[in-house]
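Chemist: Here it is, the structure, as structure tokens.
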Amino acid sequence: MSQRTERRGIHVDQSDLLCKKGCGYYGNAAWQGLCSKCWREEYQRVRQKQIQDDWALAEKLQREEEAAYASSHGTQTQPHSQASAPQQQPGHASLGPFSKFEEKKTNEKTRKVTTVKKFFSPSSRTASKKENQEGKTPSPSTSRRASFDTDQVSRDFVDFLKNLQKPGRDIHKQCRAFIVNMSSKKDLSADELSECVQDFYQGMADRLMSHFKGSSEPVEQVMDQVEKYIMTRLYKSVFCPETTDDEKKDLATQNRIRALHWVTIQMLCVSFDEEIPEVSENVVKAITDIIEMDSKRVPRDKLGCITRCSKHIFSAIRITKNEPASADDFLPALIYIVLKANPPRLQSNIQYITRFCNPSRLMTGEDGYYFTNLCCAAAFIEKLDAQSLNLSPEEFERYMSGQASPRFGGSEGDWSGGGPAGGAGAANPALAQLNHNLELLSSLGSRQEAVAEAARGLQADLLSWTQSVEREVHGILEKYPLEVLSCTVSAIDANNMDNDNLPPPLTPQVFAG
Amino acid sequence: MGESLPDVPGGDQERGAAFRRPVRTLRVKMVLLGGSGVGKSSLALRFGKDEFRSTSPTVGCAYLTRVVHLSEVTLRFEIWDTAGQEKYHSVTPLYYRGAHAALLVYDISSRESFIRAQLWLKELEKQSVPGSTLTWLVGNKGDLDQDRQVSAQEGKKLAKDRSLFFTETSALSGDQVNELMLDVAHRVYEHVGEEQGGLTEWKETLPEEMYHRDTSNPLSSCCKVGP
């Protein structure tokens, strides 16, 4: 019995090791039980099917999109898409061993760039020019990722517009025409590009306004979607374009903020108490949000980041001061956050938002308010001088050149006191600290020496002690020489002279009876 | 304290009318200017106090909204507070771009703040398109009458010279604050009105609605990256 189970434990049927195709070679679990040759064949087949499916899906999407906007078949979109869906099912089902997740992964990996391009363009005829240029970018993975986002956005856009019936079709047509139009205008200056986009917004908004008979709610909704769609597509060509000096400004600002690394909360009179964990948490969140702004593509999403950042700042001030923050508190705090965060491409982002966001959103509304504050902060940092930090020009120069730093100032009163003495006072504590440490070190050294000396003394004492003990022992030994008395070994009773006095040994007595 | 003030004539009727039939809501941008410590923020808090819905009621008072009902229209005021410290003076023009109304606030108990207000005024005149922004000169801290350094006559004279509107308020007691608000509302509506397209309509758009629309996308499930 036990023998059987043992065998079962190690027993592997010969057929389990062989290729599942039955070609006679050994298979491998990593290849789903196939041998390398059969696996390659199988893989090719699945891949081929995958590519075909991708084409089918791309075509289906395209058909759907076209159907949605073909003037006569507007309402037939739904049944059409439903009919085309089951067609696809057998293809997916025959993939057999691949799980849904693996399917997606292989899908991603194996898809040819051309397929991707085809897949992502709303219409291969109109957008091919732009897509071709995207395809040339050195990193295929990032461009693929980017076009994936773009695709998602355009699909959302199509879905959104479907609810609008006929005007939706017109809007889509116009947006597409506009994007194509824009891609041919790459040589225009940024301001002209901005004008084009703003004119387009304005024209679109006017039309929508007349369509919705003056009620602005749906207009704003549609305009948001239009902005999202257009700007996601145009982002690459209009963000920080080569025709402007945005990049130079970015670098200048970045260096400026770096040079101002020494600015403290106290200099800006910010009411943050970063000792409170909640406050420092909010500060960190605000910094994260403002940095995140660069990763968004749609102006409105960028504004969202600024607003979130501002809300965190307000919370931090509120926790510190225990009263609602006013603009007097907020602007310095925002400046501090920008200095701490050094947000990537700050100027480019500000310019981009200014140029391509719906202007009504920048002039009014909460987002507009916070964006204005960010612009103020950026402008202030550019112009920032000694006076605005309550420093003397000399101090400011010293800090900027890195000769001194207020960071290690023991007392905060030193630098706000003004005058070169204050600056020296700011530098001295560090020196004093250094001297103090040196003194400590030297005293430690002397103490160590004393310890070593004492140790040596102890060692000498120990040595002399053993010698003295030895000497004493020798003295005693000399005084009392060892005398070995020779004695004869005898029986125990041999030297017992009084043997006779001993009583006779007891003898057993027998009692009669 | 402010609650004991006499009601603005007609205010209640107008409010009642607003509930009975749908009235269009227009958005108005109002900027508060003035040195630090003149009570801009307190004034802003007063303005924002009895509104129905505030964007962030407790967190800050730098950006506040206030709804004012007029007989034929509802105005939704967006009140932008500005940093009053002198060092930020050079960047403030950014705030009053596109503002419909500006309140230039000074402290009646501080001559310095009055002088500063005149500097602001110069800046404002330099930057803004004449006639696009209606400006009020507001002497705040009316409750500190015993420490008054700037007389009402002086304020009135300055306002007259520069063709501004003038009033004295007390953000502490709430005196004249609502009157000022209504005055601003009436004048802005008359002045900028809808004819020139100066005011855009405002409607609350619910972000959730958009969110649901996105998730209901039938195709979104088959083309996501990763799990």
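Chemist: May I ask you to say which residue of B:Tyr95, B:Tyr106 is touching a Cys at 6+ places or on another chain (Cβ under 8 Å) and modelled with pLDDT of 80 or more? Lay out the reasoning, then the answer.
Modeler: Working: B:Tyr106 fails: touching a Cys at 6+ places or on another chain (Cβ under 8 Å).
Sole residue among the options that is touching a Cys at 6+ places or on another chain (Cβ under 8 Å) and modelled with pLDDT of 80 or more: B:Tyr95.
Chemist: So A:Ser183 ticks every box in (1) within 30 Å of A:Arg63 (Cβ to Cβ); (2) within 13 Å of chain B (Cβ to nearest Cβ); (3) modelled with pLDDT under 85 but one. Which box is left unticked?
Modeler: With respect to (1) within 30 Å of A:Arg63 (Cβ to Cβ); (2) within 13 Å of chain B (Cβ to nearest Cβ); (3) modelled with pLDDT under 85, A:Ser183 is out only on (2).
Chemist: Sticking with this structure for a sec: For residues in the range A:380-408 being under 33 Å from the mean Cα position of the chain (by Cα) and open to solvent by 30 Å² or more (accessible area, probe 1.4 Å), which is farthest from the other protein chains (Cβ to nearest Cβ)?
Modeler: Going through the qualifying residues, I end up with A:Phe408.
Chemist: So, in the range A:159-169, of the ones that are of a type outside the set (Gly, Ala, Ser), open to solvent by less than 60 Å² (accessible area, probe 1.4 Å) and not in a loop (DSSP other than H, G, I, E, B), which residue ends up farthest from A:Ser210 (Cα to Cα)? Spell out the reasoning first.
Modeler: First, pick out the residues of the range A:159-169 that are of a type outside the set (Gly, Ala, Ser): A:159-167, A:169.
Okay, now just the ones that are also open to solvent by less than 60 Å² (accessible area, probe 1.4 Å), so A:159-162, A:164, A:167, A:169.
Pick out the ones that are also not in a loop (DSSP other than H, G, I, E, B) and you get A:159-162, A:167, A:169.
Details: A:Asp159: 23, A:Phe160: 20, A:Leu161: 17, A:Lys162: 20, A:Pro167: 12, A:Arg169: 16 Å.
That would be A:Asp159.
Chemist: Working only within the range B:57-94, note down all residues that are among the polar types (S, T, N, Q) and at the interface with chain A (Cβ under 7 Å from one of its Cβ atoms).
Modeler: First pass over the range B:57-94, keeping only residues among the polar types (S, T, N, Q): B:58, B:65, B:71, B:74, B:82, B:85, B:90, B:92.
Result: B:Thr58, B:Thr82, B:Gln85, B:Ser90.
Chemist: Hey, can you tell me all the residues within the range B:95-108 that are closer than 29 Å to B:Val150 by Cα and facing chain A (nearest Cβ under 7 Å)?
Modeler: Within the range B:95-108, the first condition is being closer than 29 Å to B:Val150 by Cα, and the residues that meet it are B:95-96, B:99-108.
Passing the criteria: only B:Tyr95.
Chemist: Criterion first (under 22 Å from A:Asp367 (Cβ atoms), outside any loop (DSSP other than H, G, I, E, B) and more than 14 Å from chain B (Cβ to nearest Cβ)) does A:Ser280 satisfy it? Steps first, answer last, please.
Modeler: Values: under 22 Å from A:Asp367 (Cβ atoms): no; outside any loop (DSSP other than H, G, I, E, B): yes; more than 14 Å from chain B (Cβ to nearest Cβ): yes.
Taking the combined requirement at face value, the residue does not satisfy it.
Chemist: For the range A:203-221, which positions are assigned to a helix (DSSP H, G or I) and within 11 Å of chain B (Cβ to nearest Cβ)? Before you say what the answer is, go through the steps one by one.
Modeler: Here is the first cut: in the range A:203-221, the residues assigned to a helix (DSSP H, G or I) are A:203-211, A:216-221.
Of everything in the range A:203-221, those that are assigned to a helix (DSSP H, G or I) and within 11 Å of chain B (Cβ to nearest Cβ) turn out to be A:Ala205, A:Asp206, A:Met209, A:Ser216, A:Glu217, A:Pro218, A:Val219, A:Glu220, A:Gln221.
Chemist: Got a sec? Which helices (runs of 4 or more DSSP H) wholly within the range B:117-227 have at least 3 residues that are within 11 Å of chain A (Cβ to nearest Cβ) and at pLDDT below 85?
Modeler: Values: elements: B:152-161, B:177-191, B:207-215.
So the answer is B:207-215.
Chemist: Further question on the same structure: For the subset of the range A:330-357 comprising residues that are crowded, with 22+ Cβ neighbours inside 10 Å and not in a helix (DSSP H, G or I), which member is farthest from the other protein chains (Cβ to nearest Cβ)?
Modeler: A:Pro343
Chemist: I'd like the residue in the range B:140-170 that is open to solvent by less than 60 Å² (accessible area, probe 1.4 Å) and over 25 Å from B:Leu45 (Cα atoms) and, out of all such residues, is nearest to the chain's Cα centre (by Cα).
Modeler: B:Leu158
Chemist: A follow-up question, please. I'd like the residue in the range A:279-293 that is acidic (Asp, Glu) and open to solvent by 30 Å² or more (accessible area, probe 1.4 Å) and, out of all such residues, is nearest to A:Cys375 (Cα to Cα).
Modeler: Only one residue fits best here, namely A:Glu292.
Chemist: In the range A:270-278, is there at least one residue being touching a helix residue (DSSP H, G or I) at 6+ places or on another chain (Cβ under 8 Å), open to solvent by less than 10 Å² (accessible area, probe 1.4 Å) and within 23 Å of A:Thr372 (Cβ to Cβ)?
Modeler: So far as the range A:270-278 goes, no, none of its residues is touching a helix residue (DSSP H, G or I) at 6+ places or on another chain (Cβ under 8 Å), open to solvent by less than 10 Å² (accessible area, probe 1.4 Å) and within 23 Å of A:Thr372 (Cβ to Cβ).
The values are calculated or read from the model by the stated rules, or taken from the named source; none is laboratory data. These numbers come from a predicted model, not from an experiment. Cβ sites come from the backbone with ideal geometry, for glycine too, and all protein chains shown count toward neighbours. What goes into the accessible areas is simple: the full protein's heavy atoms, side chains included, and nothing from ligands, DNA or RNA. Shrake-Rupley method; radii C 1.70, N 1.55, O 1.52, S 1.80 Å.
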